[in-house]
Amino acid sequence: MRMTTKTRTSPKKMPENEPISFWDHLEEFRRLLFKGLAAVLVLSTLLFFFLPNWFDRILLGPCFGDFPTYRLFCQLGRIMGWETSFCASDYTIELINIQLTAQFMLHIQTAVLFGFLFSIPYLLFILWSFVQPALYPNEQRAVRWAFTGSSILFYSGVALSYFLIFPVTLRFLAGYQISQHVVNQLALTSYIQTLFTLSLIMGIVFEMPLLAWLLSQMGLLKRSFFRRWRRHAIVILMILAAFITPTGDPLTLLLVALPLYVLYELSARVVKP
């Protein structure tokens with residue numbers, strides 16, 4: 001790291017390579033923060049108008065038996081000779097709304113939440129532009145790749161959540177009953193909040209290689225750690241996958257545990273030997 005010495009474009013000219021004061025840094029951070037908020041607002045506004053056409057096909061897709069993941073599981077189950085409930089094409093989960101203003105407010109909330117979710121690459125770019133002047137050229141290259149990789153990893157986690165984690169969790173919890181006398185009626189607000197929460201959590205979980213790289217750069221983590229604990233990690237990841245997908249289906253368990261193990265191995269690759 002080094003003292004920031006970038007040239008600012010402002011009404012008052014500053015000498016070349018003059019160190020920027022704390023208040024100048026604060027002003028720059030405030031400017032970038034407003035740019036990030038503006039990006040989220042613009043994207044949320046666009047999503048507000050497009051969401052009505054996307055609700056049935058995308059957001060509510062896991063509620064219907066023809067969801068691509070269900071069809072894939074059905075085909076894999078038949079190939080492997082396993083019984084699976086994913087082959088029921090008439091499967092439907094009905095959602096209800098019990099509050100007068102809930103659907104309109106949820107429309108706005110969903111637009112804002114997913115506006116933030118889809119703005120993350122730009123927000124990371126803003127963060128990069130803030131810290132970039134304080135880095136040496138070799139540090140800039142490394143951190144640039146880190147920010148780029150973090151976006152790819154985050155959306156990989158979001159995609160895994162939408163196509164695998166959330167649909168399996170939804171089917172299990174929607175059909176789970178502690179008594180035959182208690183009927184499940186799923187609220188639309190609960191559905192959307194769970195979808196967003198799982199997407200965000202899996203996006204963060206997929207940042208594990210980036211975290212491992214940062215710890216390695218600070219000298220806190222080495223590749224030998226991953227070699228030493230690999231067998232223990234496999235057991236822990238299988239248990240974690242079982243918690244994420246409490247269906248008991250071996251195919252689903254394997255499909256969830258495999259990406260987590262790939263993350264573990266990727267983390268081992270990016271750290272210093």
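Taking the C-alpha atoms only, the angle from helix 188-205 to the longest principal axis of the chain is near 50 degrees. Return, ordered by residue number, the residues of region 54-77 whose backbone nitrogen is under 20 Å from a label point located 7 Å along Cα→Cβ of Thr194. Output list for this probe position: 55-71, 73. Helix 102-131 axis versus longest C-alpha principal axis of the chain: approximately 40°, rounded to the nearest ten.
For region 20-99, run through the GluC sites (Glu not before Pro) and keep only the ones in DSSP coil with at most 16 other Cβ atoms within 10 Å of their Cβ. Could you put the intermediate results ahead of the total?
On the way: sites: Glu27, Glu28, Glu83, Glu94; in loops: Glu83, Glu94.
Passing sites in region 20-99 are Glu83, Glu94.
Would you please put 65-75, 224-234 in order of how densely packed they are, using the mean number of other Cβ atoms within 10 angstrom per residue and starting with the highest?
Numbers: 65-75: 16.5, 224-234: 12.8.
Order by mean packing, descending: 65-75, 224-234.
Per-residue Cβ neighbour counts within 10 Å put Met202, Met105, Met238 in the sequence Met105, Met238, Met202, beginning with the fewest. Available extension along the chain between Phe34 and Leu173 is 46.0 nm, counting 0.36 nm per residue and deducting the alpha carbon span. Computed from label points 7 Å out along Cα-Cβ, the spacing between Trp23 and Ile98 is 5.6 nm. Springs between Cα atoms under 10 Å define the GNM used for the chain, and in it the highest mean-square fluctuation of Ala242, Ala38, Ala142 occurs at Ala142. Here the chain is treated with +1 on each Lys and Arg Cβ and -1 on each Asp and Glu Cβ, and its dipole about the Cα centre works out to around 1180 debye. All C-alpha to C-alpha distances of region 83-167, sorted into 10 Å bins beginning at zero, yield P(r) values of 13, 27, 25, 20, 10, 5 percent in whole numbers.
Report, in whole Å, the centroid distance computed from the Cα atoms of region 162-231 and region 32-107. Taking the Cα centre of region 32-107 as reference, the centre of region 162-231 is 17 Å away. Computed from point charges on the beta carbon alone (+1 for Lys and Arg, -1 for Asp and Glu), the dipole magnitude for region 139-273 about its Cα centre is near 680 Debye. Match the structure shown to one of the listed values (i) 5, 14, 11, 10, 8, 7, 6, 6, 5, 5, 4, 4, 4, 4, 3, 3, 1, 1, 0, 0, 0; (ii) 6, 21, 27, 23, 15, 6, 2, 0; (iii) 7, 30, 36, 20, 6, 1 of P(r) over Cα pairs in 10 Å bins from 0, in percent, computed from it, and give that label. Of the labelled values, this structure produces (ii).
Placing pseudo-labels 7 Å out from each Cα toward the beta carbon at Arg228 and Gln109 gives an inter-label distance of 4.6 nm. Sequence-ordered 3J(HN,Hα) estimates for region 42-56 from the Karplus curve with 6.51, -1.76 and 1.60 and θ = phi - 60° stand at 5, 5, 5, 5, 4, 5, 4, 7, 8, 4, x, 7, 9, 4, 5 Hz, glycine and proline given as x. Between Arg57 and Arg144, the contour length at 0.36 nm per residue exceeds the alpha carbon distance by 27.8 nm.
Ranking Ile93, Val183, Leu214 by Cα position along the charge dipole of region 78-231, where only Lys, Arg, Asp and Glu carry charges on their C-beta atoms, puts Leu214 farthest toward the positive end. Amide H contacts of Tyr91 (H built 1.01 Å from N, in plane; Pro and chain starts excluded): Gly65 sit under 5 Å, all sequence-distant by 5 or more or on other chains.
Each reported figure results from applying straightforward, stated rules to the coordinates on display, with no laboratory input. As the structure is a computational prediction, the values presented were derived from the model and not from experiment. Cβ: placed from backbone, ideal geometry, glycine included. Neighbour counts: every protein chain shown.
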